[in-house]
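The values are calculated or read from the model by the stated rules, or taken from the named source; none is laboratory data. Bear in mind that the values here come from a model prediction, so they are computed numbers and not experimental data. Note: ideal-geometry Cβ built from the backbone for every residue, glycine included; neighbour counts use all protein chains shown. Note: accessible area is taken over every heavy atom of the protein model, side chains too, but ligands, DNA and RNA are not part of it. Shrake-Rupley method; radii C 1.70, N 1.55, O 1.52, S 1.80 Å.
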Amino acid sequence: AFLPLFETEVNERKVALVNQTNATGEKNLAFDKAAMYASQFFQVFNFGVSRNVFQETDRPYYGLDVNDGNTPDIKTDSDLLLWGQNLIDGEAARIAAEGVAMSMPSAAEFEIEFNKFKTLQSAQSALKDQYDKEQEDVAGLLDDANLLVRDIWDEVEFHFRHDDAASKRRKCREYGVVYVNDKNEVIVEPIEPVE
């Protein structure tokens, strides 16, 4: 009765891992694309500041320091979520203050990639939670599995208790009970007589 339940839980864990792994790959591709768009947006904005198309005083709209012309580091999901929202909100606020809209890429182009990333990140997070749950389900059965294995081991050994050592080892091996020799122990198997 235990084995089908255990096998089902292990198989569900395998499926959950495959689903999470696939979703992580898709999310990572979307992350790379959205991060590239954000990085290019900030680079082009800073180039525009250099050419006096935009003002240094426009940087705080995006959460940037007025005197810092560096592109923000976007290495993690949380970095992208922070700077992506800063980019969208900042561009809207700057344009509302009669600023010239950015292009190459525009905030709208970035937002398309950003929304794809957020959707895939949310799906991946849900699949990660599902995998964690399946891991816990299997872990919850391990104590019972270990007890069952121990019981079977004991019963097999008990059944062959009257056999000589070599015969007992050979017969127990058929039931998965395998003995490991101590390095210093020498076991001599009896030689079968030749007829």
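Points worth noting:
- Rg and Dmax over the alpha-carbon atoms of the chain stand at 31.9, 106 Å.
- Theoretical ellipticity at 222 nm over the chain - DSSP helices of four or more residues, -39500 (n - 2.57) apiece, nearest 500: -24500 deg cm²/dmol
- Partner lysines for Lys14 [C-alpha distance under 28 Å; skip if fewer than 8 residues away on the same chain]: Lys27, Lys116, Lys118, Lys128, Lys133
- Per-residue Karplus couplings for the range 109-115, computed as 6.51 cos²θ - 1.76 cosθ + 1.60 with θ equal to phi - 60°, are listed in order as 5, 4, 4, 4, 5, 5, 5 Hz, Gly and Pro entered as x.
- Residue (of Ser125, Phe45, Tyr175) at the positive-pole extreme of the chain, dipole from beta-carbon charges: Phe45
- Kirkwood hydrodynamic radius over Cα pairs of the range 96-157, then Stokes diffusion coefficient at 20 °C and 1.002 mPa s, in µm²/s: 129
- Computed 3J(HN,Hα) for the range 71-80, one whole-Hz value per residue from the Karplus formula 6.51 cos²θ - 1.76 cosθ + 1.60 where θ = phi - 60°, is 7, x, 6, 10, 10, 10, 4, 5, 4, 5, glycine and proline marked x.
- A P(r) calculated from all alpha carbon pairs of the range 26-126, with 10 Å bins opening at zero, reads 16, 51, 25, 7, 0 percent.
- Here the chain exposes an accessible surface that is 54 percent carbon and sulfur, computed with a 1.4 Å probe and the other protein chains kept in place.
- Between the helical axis of 2-50 and the longest alpha-carbon principal axis of the chain there is an angle of about 20 degrees.
- In the context of the full set of protein chains, the range 33-93 has a per residue accessible area of 52 Å² (1.4 Å probe).
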